[in-house]
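Asks: The structure that follows is given in the form of structure tokens.
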Amino acid sequence: MADDSTLSPTASSDGTGQPDFDATGSRADAPRPADSGAVPSTERSSSTGGTTADIDAAAEAAALDAYSRTVISVAQAVTPHVASVQTRRGGGSAVVYTDNGYLLTNAHVVGSAKNGVVVFADGVESRFDVIGVDPLSDLAVLRARGGAPAAVSMGDADNLVVGQLVVAVGSPLGLAGSVTAGVVSALGRSVPVGNGRAARVIEDVIQTDAALNPGNSGGALADSAGRVVGINTAVAGIGLGLAIPINVTTRRIITTLQHEGKVRRAYLGIVGVPAPLPEAVAERTGQNAGLRIVEVVRGGPAERAGLRRGDLVLSVARREVRDAQGIQRQLFGDAIGRTLPVTVLRNGAMVDVIAVPVELTVD
């Protein structure tokens, strides 16, 4: 509402000689009560005894405080389970994921090292041995010789949504127990790893704006409930961090590394992106998305099987495929050398091809 001083006092604006009325319906020339001086609406008293401005400020403070409480709670839950990793050639961070001393980190954090030292948030140190390394998922499993804190709570990255609060815990620049917070900036990102023929793309990587610095690699990315949903793996640029998701595929990799020390993989030689199915096909199949092939590696099993760029993969081994993870679940060691039926949508028609994956080796 405008201040009273801006209202016309007695003159008629329409030339009729009738007095004007203000926005409240009162005559503009009517006498005002002594205490009726208008004040800006943001300063009016409310029924709760405070001004609107006070209430807005209190609401903002409460929201900020709720955010702080969430981050503090996550930090308290996760930090004791995150260690600083030190090897002869470098270091990073690691996360305790079992109650008997196994830790999860990035393959690039340990490199070719066989052992090293972990330092926990409480200052306790322990020697560790490298149990298994998988460069093609950028994951590695360590085991502390002198014991470690209990396991952190593990979550499922498949349940994340863009905009969700996440908290990163690690040892950037060697500063153990460092905490930063942000949001999930994007999902489904891809990161190329490996070299030569063993080149592979890590799919479904989490992008976050939680500040990450050298040394954060191998540390935890947790949701607001304190569950670890990712392992921080790279700093792609200012305000842009990436994390390997904790999901069905990575859990299988972690278990294999812990028990066998390495991961044997079948190799098809395709790169794809999720894509919707045409409406008619979706109605017929009950499936609304597939994986669009954007690259077929020359000379690879997929090319030999007749798969082409532009094909929309619907199923592999008769199992529905909606994204890259749907294929990767089928490409572990037991698929090497075995026939693998692949159904694709090509030029509006469904086409079945038979591929024979080979073992993917790291040169």
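Asks: Hey, could you get me the Stokes-Einstein D for region 278-329, Kirkwood radius over alpha-carbon pairs, 10 °C and 1.306 mPa s, rounded to whole µm² s⁻¹?
Replies: Values: Rh = 11.8 Å.
It diffuses with D of about 135 µm²/s by this estimate.
Asks: While we're looking at this one, here's another question. Could you let me know the centre-to-centre spacing of region 268-299 and region 313-352, using Cα atoms, in angstrom?
Replies: Cα centroid to Cα centroid, the span is 10 Å.
Asks: For D129 and S224, compute 0.36 nm times the residue count separating them, minus their Cα-Cα distance, and round to one decimal in nm.
Replies: Stretched out fully, the D129 to S224 stretch lengthens by 31.0 nm.
Asks: So if each residue of separation counts as 0.36 nm, and I subtract the Cα-Cα distance between V273 and D56, what length gain in nm does that give?
Replies: Contour length minus Cα-Cα distance gives 73.6 nm.
Asks: Heavy-atom accessible area per residue, region 294-338, 1.4 Å probe: how many Å²?
Replies: 52 Å²
Asks: Leaving ligands, DNA and RNA out of it, work out the accessible area of D334 with a 1.4 Å probe and give it in Å² to the nearest 10.
Replies: 90 Å²
Asks: Stokes-Einstein diffusion coefficient for region 240-314 at 4 °C in a medium of 1.567 mPa s, Rh from the Kirkwood formula over Cα pairs: what value in µm²/s?
Replies: Working: Rh = 15.0 Å.
Result for D is 86 µm²/s.
Asks: So what are region 79-190's ellipsoid semi-axes, whole angstrom, largest first, if each one is the square root of 5 times an eigenvalue of the alpha-carbon gyration tensor?
Replies: Here the semi-axes work out to 24, 16, 14 Å.
Asks: I've got another one for you. Whenever you get a sec, compute what percent of the accessible area on region 73-141 sits on carbon and sulfur atoms (1.4 Å probe).
Replies: Taking all protein chains in place, region 73-141 shows 46 percent carbon and sulfur surface.
The values are calculated or read from the model by the stated rules, or taken from the named source; none is laboratory data. Here the structure is a predicted model, which is why all the values come from computation and not from measurement. Remember, those area values only see protein heavy atoms, side chains included, never the ligands or the DNA or RNA. Shrake-Rupley method; radii C 1.70, N 1.55, O 1.52, S 1.80 Å.
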